[in-house]
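The values are calculated or read from the model by the stated rules, or taken from the named source; none is laboratory data. Because the structure is a prediction, the values reported are computed rather than measured. Glycine gets a Cβ as well: all are built from the backbone with ideal geometry, and neighbour counts include every protein chain shown.
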Amino acid sequence: MKHILKTILIFGIIILIQQFGNAQINQNQQFLKKVGVLDSLYSEVLNESRKIYIQLPDSYNPEKKQKYPVAFILDGEIFLPTLSDVHHYYSGGFMPEMVLVGISNENDRLRDLTTSIITTQYGMPFNEKTGEADNFRKFIVTELIPFIENKYPVTNYRTLIGHSYGGLFTISSLINQPSLFANYLAIDPSLDWDDQKLLKEAQEIIATQNYKNKALFMSLNGQLHMQNSQITTDNVMQDTTDFTLFARSNIAFSNLVKQNAKIGLNFEWKFYPNDIHGTIPFPSIMDGLISLFEWYQWENTNKFNSPDTPKEELLSIIKHREKKVKDHFGYAEPPYPEEILNMSGYMNMDMKQLEKAKMYFELAMEYYPESANAYDSMADYYERNNDSENAIKYVTKAFKMTGDNYYKERMEAIKKK
């Protein structure tokens, strides 16, 4: 490796490394932060062009040909910056790095996100276009997802996020086409729409579905009644006025899911007493993603930091995580970033725990076979142990992979020793 790293507590600082490692500032840029690259596609289904906003992970390098899970967020022109911030701070140890796709709903939002046609609302005429959620979902299935998969480095592990009518659409997708996404994040969903029509449909459908390996996080804001602060989650279901229909619909759906635990849906519902409909997206996106990806969070980090942990136990933890990640994603993924394995190897080498060091370097080569740096680190291990023959062997592999003169010069330097 070009620069030998000092001994550090790997798992205590890696989040900071991931957050700030790529945060070099362009001195000429006018704004501090820009989120999402604008793209678009023409939809035959919608008969219009649709804007989308794409945010690639900080670690993205086209030369590595790495693919990432993908998160789609409705009303992307509004909420993609929030999703990007949460992802930036929590990706790595709490959730995977993902490609973020913001779907614009600035035009015909009610048409696309509502699940049935209405002509009146709360006794008043309602003349806007509504009820084409099925058609909008057809656009996502037949046009948007193929477009994203053909153009951007994504896998088929998908998350859908929506607020208000977007939350209604998210719940509708979960009920009517659950295989489309792995995770559903419904923020303050408008399940009161059309006299709770979707809620009533769910009562007939949800018990017949298999939601194994699917997850839903749903939230409710604290304004349960627009005019009566005495209404709480303890008594709101006894109220029969239109003022509580929104909250009652949300809670009723939550109760429905809980009553049907056998369907296998990983479900969390959260009430935000201090938030209103307009403020609840921020905490919901943060808490929701952490909840949906709870299985992904690194465990046993204290074991990695402790010099007393046997090598066999460490390997067992790593292999367990490898299997868990594959079971959830449906495809094989390295259980830890290459940097973690590499730095752990050097840490243990500095502590004279050579067998552990060798294990980490071998795992880095196993999980990242196209990384010249992984082979170069293995060469460091052998050079540190005065095994010039194997050191040259692994530096040679790195050189053949890259043609980098650094590795050629290093081979010559080792031979002279």
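Determine if region 263-274 includes at least one residue that is touching a Phe, Trp or Tyr at 6+ places or on another chain (Cβ under 6 Å) and either of a type in the set (A, V, I, L, M) or part of a helix (DSSP H, G or I) (or both). Explain how you work it out, then say what you get.
Within region 263-274, the subset touching a Phe, Trp or Tyr at 6+ places or on another chain (Cβ under 6 Å) is 263-265, 268.
Now narrow it down to the ones that are either of a type in the set (A, V, I, L, M) or part of a helix (DSSP H, G or I) (or both): 263, 265.
Yes, because at least one residue in region 263-274 is touching a Phe, Trp or Tyr at 6+ places or on another chain (Cβ under 6 Å) and either of a type in the set (A, V, I, L, M) or part of a helix (DSSP H, G or I) (or both).
For region 298-312, what are the residues that are modelled with pLDDT of 95 or more, of a type outside the set (Ser, Thr, Tyr) and surrounded by 12 or more Cβ atoms within 10 Å (Cβ to Cβ)?
Within region 298-312, 311 is the sole residue that qualifies.
If residue 339 satisfies every condition in (1) in contact (Cβ under 8 Å) with a residue 24 or more places away in the chain; (2) within 24 Å of residue 417 (Cβ to Cβ) but one, which is the exception?
Going through the list (1) in contact (Cβ under 8 Å) with a residue 24 or more places away in the chain; (2) within 24 Å of residue 417 (Cβ to Cβ), residue 339 breaks only (2).
If a residue has to be part of a helix (DSSP H, G or I), polar (S, T, N, Q) and surrounded by 15 or more Cβ atoms within 10 Å (Cβ to Cβ) to count, how many in region 313-367 make the cut?
Final tally of qualifying residues: 3.
Could you identify the single residue in 412, 370, 362 that is closer than 28 Å to residue 331 by Cβ, in the same structural domain as residue 311 (by TED's automatic domain parsing) and free of Cβ contacts under 8 Å to residues at least 40 places away in the same chain? Break it down stepwise before answering.
Working: 412 fails: closer than 28 Å to residue 331 by Cβ; 370 fails: free of Cβ contacts under 8 Å to residues at least 40 places away in the same chain.
Of the residues listed, the single one that is closer than 28 Å to residue 331 by Cβ, in the same structural domain as residue 311 (by TED's automatic domain parsing) and free of Cβ contacts under 8 Å to residues at least 40 places away in the same chain is 362.
Inspect all residues belonging to region 383-392 and state whether any of them is in a helix (DSSP H, G or I), of a type outside the set (D, E, K, R) and under 35 Å from the mean Cα position of the chain (by Cα).
In the first step, residues of region 383-392 are kept if they are in a helix (DSSP H, G or I); the result is 383-384, 388-392.
Subset that is of a type outside the set (D, E, K, R): 388, 390-392.
Going one step further and asking which of them are under 35 Å from the mean Cα position of the chain (by Cα), we end up with none.
There is no residue in region 383-392 that is in a helix (DSSP H, G or I), of a type outside the set (D, E, K, R) and under 35 Å from the mean Cα position of the chain (by Cα).
So that you can scan it fast, the table gives a plain yes or no per residue for (1) modelled with pLDDT under 95; (2) crowded, with 17+ Cβ neighbours inside 10 Å:
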{"site": "18", "(1), (2)": "yes, yes"}
{"site": "29", "(1), (2)": "yes, no"}
{"site": "39", "(1), (2)": "no, no"}
{"site": "43", "(1), (2)": "no, yes"}
{"site": "52", "(1), (2)": "no, yes"}
{"site": "64", "(1), (2)": "yes, no"}
{"site": "74", "(1), (2)": "no, yes"}
{"site": "84", "(1), (2)": "no, yes"}
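For residue 199, work out the one condition from (1) in contact with a Phe, Trp or Tyr (Cβ under 6 Å, 6 or more places away or on another chain); (2) surrounded by fewer than 19 Cβ atoms within 10 Å (Cβ to Cβ); (3) closer than 30 Å to residue 329 by Cα it doesn't fulfil.
(2)
If I filter region 244-255 for residues that are modelled with pLDDT under 95 and surrounded by fewer than 16 Cβ atoms within 10 Å (Cβ to Cβ), do I get at least one hit?
Here is the first cut: in region 244-255, the ones modelled with pLDDT under 95 are none.
No; the residues of region 244-255 include none that is modelled with pLDDT under 95 and surrounded by fewer than 16 Cβ atoms within 10 Å (Cβ to Cβ).
Yes or no: residue 339 under 20 Å from residue 268 (Cβ atoms) and at pLDDT below 95?
On the way: under 20 Å from residue 268 (Cβ atoms): no; at pLDDT below 95: yes.
The answer is no for residue 339.
Examine region 235-258 for a residue that is out of contact with any Cys (no Cβ under 6 Å at 6 or more places or on another chain), small (Gly, Ala, Ser) and free of Cβ contacts under 8 Å to residues at least 24 places away in the same chain, and state whether such a residue exists.
So in region 235-258, the residues out of contact with any Cys (no Cβ under 6 Å at 6 or more places or on another chain) come out as 235-258.
Subset that is small (Gly, Ala, Ser): 247, 249, 252, 254.
From what's left, free of Cβ contacts under 8 Å to residues at least 24 places away in the same chain: none.
Within region 235-258, none of the residues are out of contact with any Cys (no Cβ under 6 Å at 6 or more places or on another chain), small (Gly, Ala, Ser) and free of Cβ contacts under 8 Å to residues at least 24 places away in the same chain.
Please specify each residue of region 304-339 satisfying the condition of being farther than 25 Å from residue 60 by Cβ and of a type in the set (Ser, Thr, Tyr).
Scanning region 304-339 gives 306, 309, 316.
What is the residue count in region 50-73 for residues that are hydrophobic (A, V, I, L, M, F, W, C) and over 15 Å from the mean Cα position of the chain (by Cα)? Let's see the steps before the verdict.
At the first step, the residues of region 50-73 found to be hydrophobic (A, V, I, L, M, F, W, C) are 52, 54, 56, 70-73.
Imposing the further condition that a residue be over 15 Å from the mean Cα position of the chain (by Cα) reduces the set to 52.
Final tally of qualifying residues: 1.
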